1. Which residues, counting only those in segment 172-192, are small (Gly, Ala, Ser) and either open to solvent by 60 Å² or more (accessible area, probe 1.4 Å) or at pLDDT below 95 (or both)?
2. Name the residues in segment 59-82 that are surrounded by 21 or more Cβ atoms within 10 Å (Cβ to Cβ) and either polar (S, T, N, Q) or in a helix (DSSP H, G or I) (or both), would you?
3. Being closer than 22 Å to Ala138 by Cα and open to solvent by less than 60 Å² (accessible area, probe 1.4 Å): is that true of Gln56 here?
4. If Gly239 passes every condition in (1) open to solvent by 20 Å² or more (accessible area, probe 1.4 Å); (2) at pLDDT below 90 but one, which one does it miss?
5. Condition test on Ser326, is it at pLDDT 95 or above and among the hydroxyl-bearing types (Ser, Thr, Tyr)?
6. I'd like the residue in segment 15-38 that is touching a residue at least 40 places away in the same chain (Cβ under 8 Å) and assigned to a helix (DSSP H, G or I) and, out of all such residues, is surrounded by the fewest Cβ atoms within 10 Å (Cβ to Cβ).
7. If Gly41 meets every condition in (1) crowded, with 20+ Cβ neighbours inside 10 Å; (2) over 14 Å from the mean Cα position of the chain (by Cα); (3) under 27 Å from Lys329 (Cβ atoms) apart from one, which number is that one?
8. Find the strands (runs of 3 or more DSSP E) located wholly in segment 276-334 whose residues include 1 or more that are over 18 Å from Glu256 (Cα atoms) and β-branched (Val, Ile, Thr), and list them.
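The values are calculated or read from the model by the stated rules, or taken from the named source; none is laboratory data. Just so it is clear, the model here is predicted, and its values are computed rather than measured. Virtual Cβ from ideal backbone geometry, glycine too; neighbours counted across all protein chains shown. In case anyone asks, the SASA skips ligands and DNA or RNA and just uses the protein heavy atoms, side chains included. Shrake-Rupley method; radii C 1.70, N 1.55, O 1.52, S 1.80 Å.
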Amino acid sequence: MQRFGTLSFGHYGPLGGGRELTAGDSMRQAIDLAQGMDDLGAVGVYFRVHHFARQQASPMPLLAAIAATTKNVEIGTGVIDMRYENPLYLAEEAAAVDLISDGRLALGVSRGSPETVVRGYEAFGYTGSQDPRGADLAREHFDTFLRAIEGEGIAERDPNSPFGGGSGMQRIEPHSPGLRSRIWWGAGNSDSAEWAGRMGVNLMSSTLLTQADGTPFDILQAQQIDAFRTAWREAGHAGEPRTSVSRSIFPITTAEDELYFGGGNEQDGIGYIDGMRSTFGKTYAAAPDVLVEQLLQDAAVQTADTLMLTIPSQLGVEFNLRIVESFAKYVAPSLGWESEALQPR
């Protein structure tokens with residue numbers, strides 16, 4: 001593990017006791033969290049994207065605000081649902097955020113997770129899918145998006161335009177050189193991971209896998225990452241791709257931590273999602289020294305270069321920063337992470 005960051009679902013709504021976290025609160029707290037993470041070192045902040053739900057469904061304004069108010073932290077998504085996206089507009093937005101951040105964008109995209117509505121992407125105007133889950137639509141949009149951020153000419157220039165004219169094909173603007181290397185595909189199975197490797201994009205391994213044959217989750221995920229890297233090499237892509245996994249990890253260092261997480265699930269889960277039998281990763285919650293031992297035995301955490309910590313965003317910025325700082329100080333160094341921000345002064 002070379003890097004770690006937080007993965008937030010950005011939930012808002014009633015908190016109990018007459019309290020409520022509004023959508024505005026959620027956005028402002030996400031910015032505050034990112035600024036706090038920036039002070040911890042070169043880690044990352046990533047956000048789930050769910051439509052028709054009380055979560056952060058439109059990440060680009062949020063990422064732009066974070067990019068403008070931080071210096072080092074990587075910013076990104078895990079993942080944007082490409083079924084809902086105009087790929088050319090997304091290419092413009094992504095380039096703008098990448099430029100504002102000086103190349104700190106780690107944009108995760110995919111088919112997306114199960115929805116709270118039926119084929120919600122059709123309500124956004126994207127129809128014609130022949131797949132019951134819209135995977136064909138997502139990949140079609142993704143192909144157009146990649147061509148756009150690579151700088152390929154998309155529309156024919158108008159020689160009679162009063163704004164410059166010319167001939168040939170015009171690329172999308174703004175264009176951010178290098179953005180193509182910072183695109184990630186979220187994969188829920190080995191086939192999708194291998195496809196991402198052939199496409200030459202980075203891999204975000206999902207919080208669940210649509211595989212359930214009794215193999216432990218971390219082993220399944222490590223196998224998925226191996227399949228991705230093999231496909232990358234066989235396709236002839238240069239360099240080494242990045243890979244990430246997400247985990248619920250809570251170092252217990254106070255009585256409050258014990259109250260919230262002392263009963264954490266220490267077993268993988270098996271269930272059905274989108275009609276497919278799937279494996280869900282377990283929660284890690286223990287004293288820091290115990291966590292180190294457990295995570296050193298997690299095959300996927302050991303093989304991936306980036307670890308995303310899923311955080312309980314409803315508990316507020318101060319609480320989450322304390323959890324992250326405990327991980328950074330007492331756990332992450334034993335997993336291979338180094339940060340100048342936490343060295344003695």
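1. Within segment 172-192, Ser181, Gly186, Ala187, Gly188, Ser190, Ser192 meet the criteria.
2. Once the filter is applied, which keeps residues that are surrounded by 21 or more Cβ atoms within 10 Å (Cβ to Cβ) and either polar (S, T, N, Q) or in a helix (DSSP H, G or I) (or both), segment 59-82 yields Pro59, Leu62, Leu63, Ile66, Ala67, Thr77, Met82.
3. Spelling it out, Gln56 is indeed closer than 22 Å to Ala138 by Cα and open to solvent by less than 60 Å² (accessible area, probe 1.4 Å).
4. Unmet for Gly239, out of (1) open to solvent by 20 Å² or more (accessible area, probe 1.4 Å); (2) at pLDDT below 90: (2).
5. Values: at pLDDT 95 or above: yes; among the hydroxyl-bearing types (Ser, Thr, Tyr): yes.
Yes.
6. The residue in question is Asp32.
7. Unmet condition: (1).
8. On the way: elements: 276-280, 283-286, 306-311.
Hits in segment 276-334: 276-280, 306-311.
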